[in-house]
Amino acid sequence: MTRNPFDLSGKVALVTGANTGIGQGIAVALANAGADVVLTARRDPSETRALVEAAGVRAHVVMADLSSIEPCQRIVDETMGAFGRLDVLVNNAGIIRRSDALEFSEDDWDAVLDTNLKVLFFLCQAAGRHMAAHDGGSIINIASMLTFQGGVRVASYTASKSGVGGLTKLLANEWAAKGINVNAIAPGYIATNNTAALQDDADRNRQILERIPAGRWGEPGDIGGAAVFLASDAAKYVQGHILAVDGGWLAR
Ligand code: NAP
């Protein structure tokens with residue numbers, strides 16, 4: 001029987017920042033498509049673990065603070081120890097700091113660049129070394145509308161997410177021939193902790209909603225289908241792509 005190319009059964013997926021928000025939505029979607037899922041988090045991801053296991057697949061938790069590259073190799077090693085393989089890496093963990101550019105602090109610059117870009121790269125490297133030496137794999141980086149646009153009051157976030165777009169293409173160029181697909185998802189405006197300040201600001205909330213053709217904020221689950229596709233054999237010839245899942249925001 002021909003295998004459904006979107007079926008992730010037998011694959012092991014690792015999702016960072018899996019305790020909440022988009023990471024949780026992606027972890028659950030990958031589980032529903034059949035993947036066993038390794039959840040990395042710095043806070044207890046038991047809610048996500050329960051949702052993944054309810055899909056009938058295995059979950060394993062790796063506690064890790066991704067503000068430095070120190071845990072990157074350990075995360076890959078623990079994944080191998082738990083499930084014996086690593087097929088999919090989703091680099092989702094990320095932070096945002098808001099301040100006018102004239103006032104922007106070095107701490108707000110470094111913290112965001114470290115987690116959103118530096119750790120993302122070194123986790124790609126740790127996973128990529130493993131994938132290159134085994135059966136290949138898929139890497140999905142979480143980008144942003146600010147991979148394409150400038151934004152306001154989020155200098156380090158825009159720099160980091162623009163960097164994620166460039167890095168995704170570079171890694172695709174270097175690793176496609178090694179059987180590693182590297183792509184990104186650029187979520188639009190999704191209702192999570194990351195965007196709580198925007199949702200709570202009546203003016204910004206109205207401005208944002210007016211521009212979204214779909215007429216609503218996205219939900220974490222809206223990102224899951226794109227992740228399943230990019231993690232699957234159906235996307236084998238998709239390389240270095242940044243897939244917007246934005247309710248039409250960029251089309252305006
Ligand atoms: P969120 O609910 O704040 O989730 C962010 C996740 O990253 C959380 O699990 C968080 O853990 C984790 N994280 C942050 N710093 C970490 C660290 N040092 N060590 C370990 N984990 C860490 O926000 P979200 O919206 O789901 O964000 C997920 C990704 O989507 C981020 O990369 C974000 O930039 C991106 N994104 C979001 C939107 C949006 O509209 N929401 C749009 C475009 C892109 P804690 O819960 O412990 O803080």
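Couple of notes before you dig in:
- About the Cα centre, charge dipole magnitude for region 107-216 (Lys/Arg +1, Asp/Glu -1 at Cβ), debye: 340 debye
- Near the amide H of Val12, within less than 5 Å, lie the amide hydrogens of Asp87, Val88, all on another chain or at least 5 residues away, with H placed in the peptide plane.
- Whole-Hz ³J(HN,Hα) from phi, Karplus 6.51 cos²θ - 1.76 cosθ + 1.60, for region 62-69, glycine and proline x: 10, 7, 7, 8, 9, 8, 9, 7
- The relative contact order of region 151-244 comes to 41 percent, based on Cα pairs under 8 Å that sit 6 or more residues apart.
- For region 146-170 versus region 76-137, the gap between their alpha-carbon centres in whole angstrom: 15 Å
- Cβ-based charge dipole, region 12-244, positive-most Cα from Leu30, His60, Phe229: Phe229
- When the chain is treated as a GNM with alpha-carbon contacts under 10 Å, the residue of Ala177, Ala31, Ala231 showing the greatest mean-square fluctuation is Ala177.
- In this structure, Arg85 and Arg252 have a Cβ-Cβ separation that, at R0 = 45 Å, corresponds to a calculated FRET efficiency of about 0.60.
- Virtual paramagnetic centre 7 Å along Cα→Cβ of Arg129, amide N under 15 Å, in region 59-82: 69-80
- Accessible area of Ser144 in the full protein assembly, 1.4 Å probe (Å², nearest 10): 10 Å²
- The phi torsions of region 88-93, fed into the Karplus equation with coefficients 6.51, -1.76 and 1.60 and a -60° offset, translate into couplings of 9, 10, 10, 8, 10, 3 Hz, rounded to whole numbers, with Gly and Pro shown as x.
- The dipole here belongs to region 1-83: it is taken about the Cα centre, uses +1 on the Cβ of Lys and Arg and -1 on the Cβ of Asp and Glu, and is about 160 debye.
- Apportionment of accessible area to carbon and sulfur, region 127-222, percent (1.4 Å): 48 percent
- With 5 Å bins from 0: P(r) over the chain, alpha-carbon pairs, percent: 1, 7, 14, 19, 21, 17, 11, 6, 3, 1, 0, 0, 0
- Residues whose amide H comes within less than 5 Å of that of His60, counting only those at least five positions distant or on another chain, are Val37, Val38, Leu39 (H built at 1.01 Å from N in the peptide plane).
- Calculated [222 nm] ellipticity per residue, helices only, for the chain: -12000 deg cm²/dmol; basis is -39500 (n - 2.57) per DSSP H run with n ≥ 4, divided by all residues, nearest 500.
- Debye equation applied to the C-alpha atoms of region 209-252, log10 I(q)/I(0) at 0.20, 0.23 Å⁻¹: -0.71, -0.83
- Region 40-139, relative contact order in percent, only Cα pairs under 8 angstrom and at least six apart counted: 31 percent
- Selected from Ile242, Ile185, Ile212 as most flexible by GNM, with the chain as the system and alpha-carbon contacts under 10 Å: Ile212
- The distance separating the Cα centre of region 1-46 from that of region 189-252 comes to 18 Å.
- Extension reserve of the Leu102-Glu53 stretch, reckoned as 0.36 nm per residue once the Cα distance is removed: 12.9 nm
- One chain, two ends: Ala177 and Asp203. Fully extended at 0.36 nm per residue, the span grows by 4.6 nm beyond their Cα-Cα distance.
- Residue with peak Gaussian network fluctuation, the chain [Cα springs, cutoff 10 Å], from Leu86, Leu39, Leu170: Leu170
- Normalised by the number of residues in region 12-244, the average gap of Cα pairs under 8 Å and 6 or more apart makes the relative contact order 21 percent.
- Cα-based shape type of region 26-118, given that a ≥ b ≥ c are square roots of the gyration tensor eigenvalues and the cut on a/c is 1.5: prolate
- A 1.4 Å probe, protein heavy atoms only, puts the accessible area of Lys161 near 10 Å².
- Accessible-area value, Glu47, 1.4 Å probe, nucleic acids and ligands omitted, Å²: 120 Å²
- Under the Karplus curve 6.51 cos²θ - 1.76 cosθ + 1.60, θ = phi - 60°, whole-Hz ³J(HN,Hα) for region 117-127, x wherever Gly or Pro sits: 10, 5, 5, 4, 5, 6, 6, 4, 5, 5, 5
- Over the chain, accessible surface divided per residue gives 44 Å², non-protein components excluded, 1.4 Å probe.
- Taking amide H atoms as placed 1.01 Å from N in the peptide plane, the amide H of Ala186 lies under 5 Å from those of Ala143, Leu243, Ala244, Val245, each 5 or more residues away in sequence or on another chain.
- Label zone at Tyr237, where the point sits 7 Å out along the Cα-to-Cβ direction: region 1-24 residues whose backbone N lies under 20 Å: 2-7
- The Cβ shell under 13 Å around Val37 holds other residues with a net charge of +1, Lys and Arg each +1, Asp and Glu each -1.
The values are calculated or read from the model by the stated rules, or taken from the named source; none is laboratory data. Note that this is a predicted model, so its numbers are computed, not measured. Cβ atoms come from the backbone with ideal geometry, glycine included; neighbour counts cover every protein chain shown. For the accessible areas, the whole protein counts, side chains as well, though only heavy atoms, and no ligand, DNA or RNA atoms are used. Shrake-Rupley method; radii C 1.70, N 1.55, O 1.52, S 1.80 Å.
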